[in-house]
Amino acid sequence: MSAEHRRPRARDRCREDAGVPEGFSPPSHELLRTLDRLHEVLDSVGHPRAAEVSAVLGLARQDPPAFWRAIDSNAWWAGVGSLAAETLADNPGLPQSQWGDAVRDLRECLIEIGEALMARGRHNPGIPSWVLAFRNWNESQV
């Protein structure tokens, strides 16, 4: 197989990621609206990560590559401290109906963000599992 036809190896892809890869254009208006909604949901329950989402929204037009890296990062999709894992947090003392609505809205926002990232191609490996779980939980009214 010629060098032009082979798939890039992992280390080659890492080098590509170090520059400004293709597809780092500004996000769609729909994605920005979803991020605005995510910010509103987090802010409505007094969650400290609302400020992080606000900062990411600021990157959308100023620095699209940084924006895409931020919403595709482990801080949003991997592990106990991730934004996705915040959907499993204990109620901070809100009325149960308000907390349940906020968690379902948070999941819905993350589903839309995750789907946008998956549609772009390469994405954080945790996203498909979270999106599937969020869909199932919201459909089951969990």
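With a Förster radius of 25 Å, plug the Cβ-Cβ distance of Ala75 and Gln96 into 1/(1 + (r/R0)^6) and report the FRET value to the nearest 0.05.
Details: r = 28 Å, r/R0 = 1.13.
Result of the calculation: an efficiency of 0.30.
Taken one residue at a time, the phi angles of the range 137-142 give Karplus couplings (6.51, -1.76, 1.60, θ = phi - 60°) of 5, 5, 5, 8, 6, 7 Hz. Gly and Pro are set to x.
Of Asp105, Asp90, Asp72, the sequence from fewest to most neighbouring Cβ atoms within 10 angstrom is Asp90, Asp105, Asp72.
Whole percent per 5 Å bin, from 0 to the bin with the longest distance: what is P(r) over all C-alpha pairs of the range 26-139? Histogram of Cα-Cα distances, whole percents per bin: 2, 12, 24, 26, 21, 10, 4, 1. Between Arg33 and Ala55, the simple label model (points 7 Å from Cα in the Cβ direction) yields a spacing of 2.8 nm.
Bear in mind that the values in this text are calculations on the coordinates, not laboratory data. Please read these numbers as outputs of a predicted model, since none were measured by experiment. Using ideal geometry, Cβ is built from the backbone for each residue, glycine included, and neighbour counts are taken over all protein chains shown.
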